[in-house]
Structure formats: C-alpha cells, structure tokens
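Asks: This is the structure I have questions about; it appears just below.
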Amino acid sequence: MLAFQELKRPVGHHTLVRPLCPNCGRSMHFTRTTPRTGGLPDLRTFSCGECGVWSTEAASDRGAA
C-alpha cells in the first residue's frame with residue numbers, strides 16, 4: 001500500500017528544475033515520477049509540448065529547490 005500512496009502523492013513543496021529540450025531549447029514539462037526500489041533514485045519524465053521530445057532522468061536532490 002505504501003508504494004501506491006507514493007504514486008498518488010504530489011511532487012511536494014519542491015520546485016523542480018526543468019531541463020531544456022535538446023531539440024528546440026524550450027523548458028520541458030514535468031510529466032511523471034516512476035518510483036524505484038533497492039536504493040535506486042526515482043525516475044522523472046519530462047516532455048516538450050512544442051516538438052514532442054520526451055526525456056527521462058534519475059531524480060536527485062539537486063533538482064529540487
């Protein structure tokens with residue numbers, strides 16, 4: 001049940017640093033977080049609404065302000 005609660009929990013009080021699209025250079029939109037287990041960081045997925053590029057990266061505390 002804990003994993004399900006993690007999926008429903010909002011991003012929180014942190015401001016995500018959104019990456020720039022490698023194709024058009026615009027700021028990408030946060031799409032989802034995929035929880036990981038075994039000490040691995042969560043995966044964050046971003047998308048570009050302008051050109052349709054998707055990017056997935058490991059979450060880190062650096063990305064939150």
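Asks: Quick one: which residues, 5+ away or cross-chain, put their amide H under 5 Å from the amide H of Asp42? H built at 1.01 Å from N.
Replies: It is Arg36, Ala59, by chain and number.
Asks: Please give the length that would be gained between Ala58 and Thr37 if that part of the chain were fully extended, namely 0.36 nm times their separation in residues minus their C-alpha to C-alpha distance (nm, one decimal).
Replies: Details: separation 21, 0.36 × 21 = 7.56 nm, distance 1.26 nm.
Value of the extension gain: 6.3 nm.
Readers should treat all values here as calculations from the given coordinates under stated rules, not as data from a laboratory. What you are looking at is a predicted structure, and each value in this text was computed from that prediction instead of being measured.
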